[in-house]
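Chemist: After the structure tokens below, expect a handful of questions from me.
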Amino acid sequence: MTAPTSSTGVILTESAAAKAKALLDQEGRDDLSLRIAVQPGGCAGLRYQLYFDDRSLDGDKVDEVGGVRLTVDKMSVPYLTGARIDFSDTIEAQGFTIDNPNAGGSCACGDSFN
């Protein structure tokens with residue numbers, strides 16, 4: 001089974017797309033994208049930002065997954081290619097998670113990577 005072609009390089013799982021879509025539907029908004037970005041910060045050097053955004057930046061890469069627009073800015077694409085965004089709702093884990101094969105290491109709190 002081959003992975004679908006992605007312009008962002010990021011994999012948004014069905015459960016993550018469904019949760020993002022539910023949150024957007026709850027807000028009654030269809031003009032927002034789920035944006036993932038990498039910013040300097042955190043104790044390991046880089047920090048993820050995952051949020052809903054109504055902006056469109058020059059050079060953005062956009063994928064449509066399960067009715068959700070996933071957007072990555074052009075500077076973050078190299079750091080996120082192959083990253084997988086998932087959503088868990090279990091006793092052990094709850095919320096969106098990012099599994100990034102490009103991360104060389106992370107801090108103890110799991111909030112940033114390098």
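The values are calculated or read from the model by the stated rules, or taken from the named source; none is laboratory data. Please read all numbers here as calculations on a predicted model, not as lab measurements. Quick reminder, even Gly has a Cβ in these numbers, built from the backbone with ideal geometry, and neighbours come from all protein chains shown. For accessibility, only protein heavy atoms count, side chains too; no ligands or nucleic acids. Shrake-Rupley method; radii C 1.70, N 1.55, O 1.52, S 1.80 Å.
Chemist: For the range 11-99, which whole-number percentage of the solvent-accessible area (1.4 Å probe, protein heavy atoms only) is attributable to carbon and sulfur atoms?
Modeler: 49
Chemist: Give me the 1.4 Å probe accessible area per residue for the range 1-104, excluding ligands and nucleic acids, in Å².
Modeler: Per residue, the range 1-104 has an accessible area of 61 Å².
Chemist: Now a separate question. Could you give the length gained by full extension between Ile91 and Arg55, i.e. 0.36 nm per residue of separation minus their alpha carbon distance, to one decimal place?
Modeler: Numbers: separation 36, 0.36 × 36 = 12.96 nm, distance 3.47 nm.
Between Ile91 and Arg55, full extension yields an extra 9.5 nm.
Chemist: With a point put 7 Å past each Cα toward its Cβ, work out how far Ala22 is from Gln39 in nm, to one decimal.
Modeler: Placing both labels 7 Å along Cα→Cβ, they lie 2.7 nm apart.
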